[in-house]
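Step one of this worksheet: look at the structure below.
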Amino acid sequence: MKVYIKGGYQTKFGELWDKSLEDLIFESVKFALKDANFDIKNVEVIYIGNMLASQIYNQNHLNSLVSEIFNINIPIIRVESACASGSVAVNQAYTVLKSNLYKNALVIGVEKMTDIPSKKISKFLMSAASSSERLSGITFAGLYALIASKYFSDYKITSRQLADVSIKNHFHASLNEKSQFPFKITLDKYNNSPIIASPLNLFDCSPISDGACTILLSSEKQKNSVEIVASKVATDSISLDKRENICEFKSTKIAALNSFKEAGIERKDVDLLEVHDCFTIAEIIALEDLGFYKKGEGYRSSKEKDSYYYGKLPVNTSGGLKACGHPIAATGVKQVLELFNQINGRSGKRQVKNAKVGLAQNIGGTGGTAVVNILKK
């Protein structure tokens, strides 16, 4: 059974203080269904990805909340897998449609993060890390700073190469009206930004964001449908110190290997990527773990401008997590929607030429969970 995306919608990402969690869910679902020309009465199952509502708003049971918002009584399942919550929700919907249990599934990713102080958010985000890491007082910026420091030592790059990633993703975000930071940055602006966790500065780090994204999956093809040809999840230890090599994410490598096998395509067939750049070093590592660059050479993607939307292999044309924004569970769904829009030629100023195959890589924690989704026209 084949699985297609029929349509989708992303809200604006950013500090959306005038919108509630319910508002974001309603907006993304309403306009996703409109985009797909589909009635919610014909949706048979819904997967909603979310990480933080229970901690920020003391609101669990989001599946029942969705039932109330839309006055529907179908199966609705909440999915939580840290920053990979949205893409795991996509995977679950894909799997259930592939099994022919249902024909039409809605996937929602939503997060409302900016209504409380950033110190609390950092604490809540660390629930995706191990207890030993939390007890040490470290944050995810600190964990990725450790990864970057080791990578710098092993492969002899510097913050200059990280700057190329940030500058590129801000350039793409400047072409995306839905992005949180729709503006370009210069090397001087990057260099003069404050250090968050050495060697990472402000422009190496994705922001705290609000936003939602919804897509409609179906086993029935229609005009502009894009097929999901592979969706694979892999996991690894929750603790960074339990890894053989902190400069690679084994979960990504396994999910990628299995996805390429399922899709029956090779890396040379891929036209564009959306990868998990929660920190700039993560994009470089993702390109290597996915097999597009040799170890220690992922930085070349941005340095040589191959990853720009007009380059040899565009990466994060949405602006990525860094500049489009990172409302945790919405991210994985947004990545898939970006590929869908690119393949359908509706990405405006950042449109990739002749895009036919796209790959999205989304991770939770420091690679404790990884999901790779591949789409094809």
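The values are calculated or read from the model by the stated rules, or taken from the named source; none is laboratory data. Worth saying up front: this structure is predicted, and the values here are computed from it rather than measured. Reconstructed Cβ throughout: ideal geometry from the backbone, glycine too, with neighbour counts over all protein chains shown.
A few comments on the model shown:
- Residue within the range 242-258 that is crowded, with 24+ Cβ neighbours inside 10 Å, touching a residue at least 60 places away in the same chain (Cβ under 8 Å), closer than 16 Å to Tyr155 by Cβ and not β-branched (Val, Ile, Thr) present: yes
- If you go through the range 337-350 and pick out every residue that is closer than 23 Å to Phe183 by Cα, under 19 Å from the mean Cα position of the chain (by Cα) and not hydroxyl-bearing (Ser, Thr, Tyr), you end up with 6.
- Failed item in (1) surrounded by fewer than 24 Cβ atoms within 10 Å (Cβ to Cβ); (2) under 19 Å from Phe279 (Cα atoms), with Val352 passing the rest: (2)
- Near pairs, Cβ below 8 angstrom, 6+ apart or cross-chain, from the range 45-59 (polar (S, T, N, Q)) to any residue that is surrounded by fewer than 18 Cβ atoms within 10 Å (Cβ to Cβ): Ser54/Asn60; Gln55/Phe124; Gln55/Ser127
A quick yes/no check of all residues on (1) among the charged types (D, E, K, R); (2) closer than 21 Å to Gly365 by Cα; (3) buried (at least 22 other Cβ atoms within 10 Å of the Cβ):
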| site | (1), (2), (3) |
| --- | --- |
| Ser127 | no, yes, no |
| Ser130 | no, yes, no |
| Ala148 | no, yes, yes |
| Lys178 | yes, no, no |
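- Some residue of the range 283-292 being on the phi > 0 side of the Ramachandran plot, in contact with a Leu (Cβ under 9 Å, 6 or more places away or on another chain) and of a type outside the set (A, V, I, L, M, F, W, C): yes
- The criterion of at least 3 residues that are polar (S, T, N, Q) is met, among helices (runs of 4 or more DSSP H) falling completely within the range 287-377, by 328-343.
Residue-by-condition table, conditions (1) charged (D, E, K, R); (2) farther than 21 Å from Ala84 by Cα:
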position: Thr280; (1), (2): no, no
position: Ser302; (1), (2): no, yes
position: His326; (1), (2): no, no
position: Leu339; (1), (2): no, no
position: Asn354; (1), (2): no, yes
position: Thr369; (1), (2): no, no
position: Lys376; (1), (2): yes, yes
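- Filter pass, Val43 being farther than 30 Å from Ser174 by Cα, crowded, with 20+ Cβ neighbours inside 10 Å and at pLDDT 95 or above: yes
- Residue list for the range 264-282, filter: out of contact with any Leu (no Cβ under 9 Å at 6 or more places or on another chain) and either part of a helix (DSSP H, G or I) or farther than 15 Å from Gly358 by Cα (or both): Lys268, Asp269
- Unique residue being crowded, with 20+ Cβ neighbours inside 10 Å and farther than 30 Å from Phe38 by Cβ when the list is Pro199, Pro194, Pro207: Pro207
- Picking from residues in the range 207-241 that are touching a helix residue (DSSP H, G or I) at 6+ places or on another chain (Cβ under 9 Å) and among the charged types (D, E, K, R), the one that is farthest from Thr95 (Cα to Cα) is Asp241.
- Residue in the range 280-287 that is crowded, with 16+ Cβ neighbours inside 10 Å, without any contact (Cβ under 8 Å) to a residue 24 or more places away in the chain and of a type outside the set (Ser, Thr, Tyr) present: no
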